[in-house]
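Structure first, then comments.
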Amino acid sequence: MGEFFSLLKQGNKPSLLAGFVNLILGIVKGAAYFFTGNVAMFAEMMHSLGDAANQFFVFIGSALSKKAPTRKFPTGFGRVINLVCLFAVIIVGILAYETILEGWHHILHPTTSTGVWIVLSVLALGILLEGTVLFKACKEINHEAGVEAKGLATFISALKNLGRAKPATKLVFMEDTVATLGNVLAFIAVLIAHYTPFNQIEGIVSIIIGCMMFFVVGTVFLENARGAIGETDEEMLNHIAYLVSDNPHIKDIRRLEVIKEGESLHVELMAEIDPTVTVAFADDVRDNLMKLLLAQKGVSRATIYFDEDDGVTNWSHIGERPETLKTENANLSSK
């Protein structure tokens, strides 16, 4: 149990915060729906409870993925986070279906809800709390990408760097973007239904929220399915290829793999060196390369093999050195 609690301390903090916020909002929205019968509030309740379950699963999964490799699992547990995210989005998918179904029922059989000001107050609270969690997720994404931004630029920058975020942080960002937007849409729908005879608007908004939830399900499912199988990080592959090629003792790269293992990267390199060098010299070259590779952002493990130079070029760069990584480790690579 001690090891489990120690791992929990390393879990993704934005997902834990988002889980508690959504649990509180889900309970509050559920109470508001019970007393008012507002269908938009039902959709928001389902969304908040689904997000809470998701994000608690993701927090635990992100913590367990930090477990050190064992003899039985020598490559570690990094992909646990991908498997947990796959399971979590199934819950969201079920809740999205129920949300759309309830919205469709309300369009066919519109009803007038009571306690409109209770509903509006709860939705305003949801906008405030979800917006706060979303802002923290944006800051975390920018931090993971090594970018600084303030104000509105924080969200824009996070959107641009979403592809470089950890799986757990990315899920929190996407879910809370939909949640915040859903709260705003529900707020507008309740006002329209209260001041006009157009009561079906709440059902329409419920369907829109459900569709946005399905979008998150599809996006997160596909991305984590690739991660569970084992996906190459193309940007880091290109970057590391340049770093290795910059070493004057490396004649060619026979094979290079940079695989995403959950929130970290595993590198496997087979390089060619001069066949006339001594074993001791080759070992020094390997040590320097190992130090360089492990200093790269996100790389937790590296394996390096050497073979003699066969005079044939096997490796050609697939693109230019990534701008965001050009100077990140200039001092290390020049040693």
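The values are calculated or read from the model by the stated rules, or taken from the named source; none is laboratory data. If you're wondering where the values come from, they're calculated on a predicted model, not measured in any experiment. Neighbour counts run over all protein chains shown; Cβ positions are idealised from the backbone, glycine included. Accessible surface areas use protein heavy atoms only, side chains included; no ligands, DNA or RNA. Shrake-Rupley method; radii C 1.70, N 1.55, O 1.52, S 1.80 Å.
Springs between Cα atoms under 10 Å define the GNM used for the chain, and in it the highest mean-square fluctuation of 173, 56, 73 occurs at 73.
Accessible area ranking (1.4 Å probe, heavy atoms, ligands and nucleic acids excluded), largest first, for 316, 65: 316, 65. Taking all protein chains together and rolling a 1.4 Å probe, residue 254 ends up with roughly 80 Å² accessible.
Direction-averaged projected area, Cα convex hull, segment 17-62: 2.6 nm², rounded to one decimal. The distance separating the Cα centre of segment 174-223 from that of segment 3-39 comes to 19 Å. Seen from residue 207, the other residues with C-beta closer than 14 Å to its C-beta sum to a net charge of -4, counting Lys and Arg as +1 and Asp and Glu as -1.
Extension gain, residue 87 to residue 101, is 2.8 nm, computed as 0.36 nm per intervening residue step minus the present C-alpha separation. Within the shell of other residues whose beta carbon sits under 12 angstrom from the beta carbon of residue 186, the net charge comes to -2, with Lys and Arg scored +1 and Asp and Glu -1. Membrane-span-like helices in the chain, defined purely by DSSP H runs whose alpha carbon atoms cover 24 Å or more axially and whose average Kyte-Doolittle hydropathy reaches -0.5, are 13-36, 39-64, 80-108, 116-145, 167-195, 200-229.
Each Lys and Arg Cβ is given +1 and each Asp and Glu Cβ -1; about its Cα centre, the chain then shows a dipole of about 920 debye. Rg and Dmax over the alpha-carbon atoms of segment 43-128 stand at 19.1, 62 Å.
Over all alpha-carbon pairs in the chain, figure out the percentage whose distance exceeds 38 Å. Here the tail beyond 38 Å accounts for 30 percent of pairs.
Pick out which of 261, 98, 44 has the largest mean-square fluctuation in a Gaussian network model of the chain, springs linking Cα atoms closer than 10 Å. It is 98. Annotation: residue 120 carries an accessible surface of approximately 10 Å², with a 1.4 Å probe and no ligand, DNA or RNA atoms counted.
Ligands, DNA and RNA left out, the accessible area of segment 241-307 computed with a 1.4 Å probe is 51% carbon and sulfur.
Counting only protein heavy atoms and a probe of 1.4 Å, the accessible surface of segment 1-229 is 74% carbon and sulfur. Using a Gaussian network model of the chain in which every pair of alpha carbons under 10 angstrom is joined by a spring, one finds that among 238, 54, 224 the greatest mean-square fluctuation is at 238.
With helices as the sole contributors, the chain gives -22500 deg cm²/dmol at 222 nm; each DSSP H run of n ≥ 4 counts as -39500 (n - 2.57), and the sum is divided by every residue. When the surface is traced with a 1.4 Å probe over the full set of protein chains, residue 252 keeps roughly 10 Å² accessible. Check the straight Cα-Cα distances from residue 67 and name the lysines below 30 Å, setting aside those fewer than 8 residues away within the same chain. Counting by Cα, and skipping residues close in sequence, residue 67 has these lysines nearby: 9, 13, 136, 139, 166, 170, 260, 291, 297. Over segment 234-308, the Kirkwood radius and the radius of gyration, each from Cα atoms, give a ratio Rg/Rh of 0.96.
In this label model, residue 316 and residue 249 are separated by 2.9 nm, measuring between points 7 Å along each Cα→Cβ vector. Surface analysis of the chain yields an accessible area of 49 Å² per residue, using protein heavy atoms and a 1.4 Å probe.
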